[in-house]
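The values are calculated or read from the model by the stated rules, or taken from the named source; none is laboratory data. What you see is a predicted model, and the numbers here were worked out from it, not measured in a lab. Cβ placement follows ideal geometry from the backbone for every residue including glycine, while neighbour counts extend to all protein chains displayed.
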Amino acid sequence: AEDKANAGAIGAEGEGSGEGSGDLATEVARRRTFAVISHPDAGKSTLTEALALHARVINEAGAVHGKSGRKSTVSDWMEMEKARGISVSSTALQFTYRRGEDPVPSASGTEFDEDARAEANRAAAAAGAKAEPPNVINLVDTPGHADFSEDTYRVLTAVDAAVMLIDAAKGLEPQTLKLFRVCKQRGIPIITVVNKWDRPGQSPLELMDEISDEIGLVPTPLYMPVGIAGDYRGLLRRGEDGEPSEYIKFTRTAGGSTIAPETHYTPDAAASLEGEAWTTAVEESELLSAMGQDHDSELYLAGETSPVIFASAMLNFGVHQILDALVDLAPPPRARETVAETERDVTDEFSAVIFKVQAGMDAAHRDRLAFMRVVSGEFDRGMVVTHAQTGKPFATKYALTVFGRDRTTVETAYPGDVVGLVNATALAPGDTLYSGKKVQFKPIPQFAPEHFAVLRAKSLGQYKQFRKAVDQLAAEGVVQILRNDLRGEANPVMAAVGPMQFEVVTARMMAEFKIEVVVENLPYTIARGTDSESAAELGRQRGVEVFTRSDGELLALFGDKWRLAYIEKELDHLTIEPLVADA
Ligand code: G4P
C-alpha cells in the first residue's frame with residue numbers, strides 16, 4: 001500500500017496539474033517541460049528518481065522519504081516496462097518544485113537543509129500565506145534501451161528544453177549523439193549533466209573538450225567539481241570570470257537514499273578545507289573563463305552553449321542544482337509554428353499537438369492512448385475540441401496523466417503539460433487539436449531510419465486488406481513505408497528508427513486487421529536522400545537500393561558507412577544527402 005501511495009504522490013497530485021492559479025500567463029511562466037537525452041546506463045532512471053525525491057520532499061506534506069520511498073519509484077517504473085515489454089509506463093512525470101533562496105556561504109559553513117526548506121514551505125502553506133506558486137516541472141520520458149524508436153525522437157517535439165546526461169567515464173555515447181542532433185535541429189536548449197562523478201572517470205576539462213570537439217556545443221559549467229571523478233566532495237560555484245563565489249560541500253547519506261545535506265562555505269574557507277582539490281577546481285574554472293566558457297543566457301537559449309553540472313544521481317549530489325538550473329535557465333513554453341507560417345501563442349485559445357500514440361498491444365485491450373502536449377490556452381477535461389486533420393470534433397472526457405501504473409484523471413492542463421487521451425483512434429503523431437480559432441501545427445519530421453525489413457502477408461488472398469493496413473500504419477507513423485518496382489507492391493519495405501517497431505506492426509496487423517505477416521530483415525543500416533536524376537545510377541551500385549517513401553521522398557539504402565563513404569567518393573556527381581536528424 002505504501003508503494004502505491006508513493007507512486008501516486010509523484011504522479012500528478014499536488015499543486016501541479018489540477019489546482020492552478022487560474023491565470024494563464026502565470027501558469028505558463030511557472031512551467032518547465034523537458035526530456036533527458038542519454039545513452040542506456042548513463043543514469044536516467046536514477047536521476048529521474050533523484051529529481052522526484054527532491055521534489056517530493058519539498059512539496060508533499062507527510063511524504064515518505066528515505067529508502068523505501070525511493071525504491072518504490074524505480075520498481076514501479078521497471079515492472080511496468082517488463083510486463084509490457086516497452087516503456088509504456090513513463091510518458092510524463094509532473095511535479096512541483098519550489099526554488100528556495102540560496103544560503104549565504106560562511107567561513108564556518110552554512111547548512112542548507114532541504115528538509116528544513118520543505119518544513120518552511122509547509123508552514124507557510126498551513127499559515128494560509130498564498131505564497132508564490134512553485135514551478136511545475138514536466139519530465140517527458142524518452143524511451144531508450146531496446147525500445148528506442150521513432151517515439152524517442154518524437155518526444156523531443158513536445159519539450160522546450162533537454163538535459164543531456166552523460167557518464168563521467170564514457171563521455172558522449174551513440175544514442176546521446178542521435179538525440180542531441182534532433183535537439184539541435186529543433187533548436188532545443190540543452191543543460192549538460194555529467195553523472196557518476198562519484199566514480200573514476202575522465203577529467204572535467206577532457207570531458208568539456210570532448211563536447212565541444214565532437215558536437216560543437218560550447219560547454220559552460222555553472223559549477224566545477226571539487227575532487228576528481230571518484231572523489232566527489234562538492235561543487236565550486238563559478239562567478240564572474242570563473243572566480244569561485246562559494247563552495248558547496250555535500251555529505252554522503254547511507255546508500256544515497258536521502259537528499260544529501262549541503263554546506264555552503266566561502267572560497268577562503270574552502271581553500272583550507274579542501275586544499276589541492278579546491279586549487280585545481282579554481283584553476284580549471286579560470287581556464288574555462290579564459291576560453292570564454294562562461295554561461296550566457298542568450299547563447300544557451302540559442303542552442304550554442306550548454307551550462308554544465310557535475311552530479312551523482314546515485315548519491316543525490318548536484319541534483320538540487322539541476323532543478324535550480326531548470327527553473328532559472330530553461331525556457332517556459334513558447335509559441336509554436338503553424339503550417340500557415342504563423343505562430344500560436346501560448347496565451348491563445350486551447351491547442352495541442354499529438355506526439356505519441358500507443359495502441360494496445362494485446363487484442364483484448366484495444367484502447368488507443370494518444371499523448372498530447374498542450375501548446376496554448378487552458379485545457380479542461382470534457383471540452384470538445386476539433387481535430388485539425390479531419391475537421392471532426394473530439395471529445396476529451398477521458399483525459400489522463402500517465403505515470404507508472406498510475407493513470408490519474410486530469411481536470412485542467414496548461415501549455416507544457418502532457419495529457420493522455422483514451423480511445424483516440426483517429427489521432428496520429430503530429431496531429432493538432434484545437435478549440436476556437438483554427439490552427440494546424442507543422443508535421444513532425446520523419447526521422448532517419450536505421451532498420452529495414454520486407455513486410456509480406458502470409459496469405460496472398462488478403463492483399464487488398466493488407467495494403468490498406470500498411471497504409472494506415474504508415475500514416476500513423478508506426479513505420480515508414482518504402483517501395484520500389486523491383487520488389488513490387490506486395491513487398492513493401494518497412495523502415496524504422498528502432499527494430500521494435502517491426503514487432504509493433506506484426507502485432508497490430510494480427511490484432512486489428514487479422515492478417516498474419518512475415519517480416520524479413522534487410523541488411524541495410526543507413527538511409528540517405530537522393531533525387532530522380534541520381535536514383536537510377538545509384539540503384540545500379542552493388543549494396544545499394546533505392547526506394548520511394550510514402551511521402552514521395554527518394555531514399556537510397558546502404559549496407560554500412562564504408563559502403564556509403566566509398567560511393568560518395570567514387571560517384572561524387574550524385575546527390576546523396578543526410579535525412580532529417582542525420583546531419
Ligand atoms: P539508465 O536509466 O540511463 O539506463 O540508467 P540507470 O539509472 O538504470 O543506471 C544505470 C546504472 O548506473 C545503475 O547501476 C545505477 O545504479 C548506476 N548509476 C546511476 N547513477 C549513478 C551515479 O551517479 N553513480 C554511480 N556510481 N552509479 C550510478 P546497475 O549496477 O546497473 O544497477 P544497480 O545495481 O544500481 O541496481
Picking from Glu49, Glu81, the residue that is in a helix (DSSP H, G or I), more than 16 Å from Pro133 (Cβ to Cβ) and modelled with pLDDT under 50 would be Glu81
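Here's the yes/no breakdown for (1) over 21 Å from the mean Cα position of the chain (by Cα); (2) under 25 Å from Ile526 (Cα atoms); (3) among the acidic types (Asp, Glu); (4) not in a helix (DSSP H, G or I):
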position	(1), (2), (3), (4)
Thr152	no, yes, no, no
Val159	no, no, no, yes
Gln175	no, yes, no, no
Thr192	no, no, no, yes
Asp198	yes, no, yes, yes
Asp209	yes, no, yes, no
Leu236	yes, no, no, yes
- Assess whether Asp167 counts as being closer than 21 Å to Gly43 by Cα and surrounded by fewer than 24 Cβ atoms within 10 Å (Cβ to Cβ). yes
Those residues of segment 209-237 which are farther than 18 Å from Ala260 by Cα and either among the small types (Gly, Ala, Ser) or loosely packed, with under 15 Cβ neighbours inside 10 Å (or both) amount to Asp209, Ser212, Asp213, Glu214, Gly216
Pairing a residue in segment 143-163 that is touching a residue at least 24 places away in the same chain (Cβ under 8 Å) and of a type in the set (Asp, Glu) with any residue that is assigned to a loop (DSSP other than H, G, I, E, B) and within 12 Å of the ligand (Cβ to nearest atom), where Cβ atoms lie under 9 Å and the two sit 6 or more apart in sequence or on different chains, gives Asp147/Ser87; Asp151/Ser87; Asp151/Thr142; Asp151/Pro143
| Within segment 54-75, is there a residue that is modelled with pLDDT under 80, within 16 Å of the ligand (Cβ to nearest atom), under 22 Å from the mean Cα position of the chain (by Cα) and closer than 16 Å to Ile322 by Cβ? | yes
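Hey, does segment 342-352 have a residue that's away from the ligand (no atom under 16 Å from the Cβ), surrounded by 17 or more Cβ atoms within 10 Å (Cβ to Cβ) and more than 23 Å from the chain's Cα centre (by Cα)?
Yes, that holds for at least one residue.
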Flagged in segment 207-252 as out of contact with any strand residue (DSSP E or B) (no Cβ under 8 Å at 6 or more places or on another chain) and either without any contact (Cβ under 8 Å) to a residue 60 or more places away in the chain or more than 16 Å from the ligand (Cβ to nearest atom) (or both), in numbering order, are Asp209, Asp213, Glu214, Ile215, Gly216, Ile228, Gly230, Asp231, Glu240, Asp241, Gly242, Glu243
Considering segment 313-341, residues that are among the β-branched types (Val, Ile, Thr) and within 19 Å of the chain's Cα centre (by Cα), and then whichever is surrounded by the most Cβ atoms within 10 Å (Cβ to Cβ), we arrive at Val319
Subset of segment 448-466, residues charged (D, E, K, R) and either crowded, with 17+ Cβ neighbours inside 10 Å or not in a helix (DSSP H, G or I) (or both), comes to Glu450, Arg456, Lys458
Open item on the list: Take Ala469 and tell me if it is crowded, with 21+ Cβ neighbours inside 10 Å, of a type in the set (A, V, I, L, M, F, W, C), within 20 Å of Phe447 (Cβ to Cβ) and in contact (Cβ under 8 Å) with a residue 24 or more places away in the chain.
Closed with: no
The correct count of residues that are over 19 Å from Tyr300 (Cβ atoms) and within 16 Å of the ligand (Cβ to nearest atom) in segment 182-203 is 8
Val505 passes all but one of the listed conditions (1) β-branched (Val, Ile, Thr); (2) crowded, with 21+ Cβ neighbours inside 10 Å; (3) more than 29 Å from the chain's Cα centre (by Cα); the exception is number (3)
Would it be correct to say that Thr279 is in contact with a Phe, Trp or Tyr (Cβ under 6 Å, 6 or more places away or on another chain) and farther than 20 Å from Ile211 by Cβ? no
Only unsatisfied item for Ser435, checking (1) within 24 Å of Asp151 (Cβ to Cβ); (2) more than 20 Å from the chain's Cα centre (by Cα); (3) at pLDDT 95 or above, is (1)
By my count, helices (runs of 4 or more DSSP H) wholly in segment 273-375 with at least 3 residues that are farther than 24 Å from Ala162 by Cα are 276-290
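Restricting to segment 211-231, name every residue that is small (Gly, Ala, Ser) and assigned to a loop (DSSP other than H, G, I, E, B).
Matches in segment 211-231: Gly216, Gly227, Ala229, Gly230.
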Scanning segment 356-396 residue by residue, the ones that are of a type in the set (Gly, Ala, Ser) and modelled with pLDDT under 95 total 7
For segment 556-577, the count of residues that are within 19 Å of Val479 (Cα to Cα) and touching a Pro at 6+ places or on another chain (Cβ under 8 Å) equals 0
Counting only residues in segment 238-272 that are in a strand (DSSP E or B) and of a type in the set (D, E, K, R), the one surrounded by the most Cβ atoms within 10 Å (Cβ to Cβ) is identified as Arg238
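Checking the conditions here, which among Leu473, Leu486, Leu455 is of a type outside the set (D, E, K, R), more than 30 Å from Asn135 (Cα to Cα) and at pLDDT 95 or above?
Working: Leu473 fails: at pLDDT 95 or above; Leu486 fails: at pLDDT 95 or above.
After applying the criteria, what remains is Leu455.
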Over segment 536-583, the set of residues in a strand (DSSP E or B) and not hydroxyl-bearing (Ser, Thr, Tyr) is Val544, Glu545, Val546, Phe547, Arg549, Leu554, Leu555, Ala556, Leu557, Phe558, Glu577
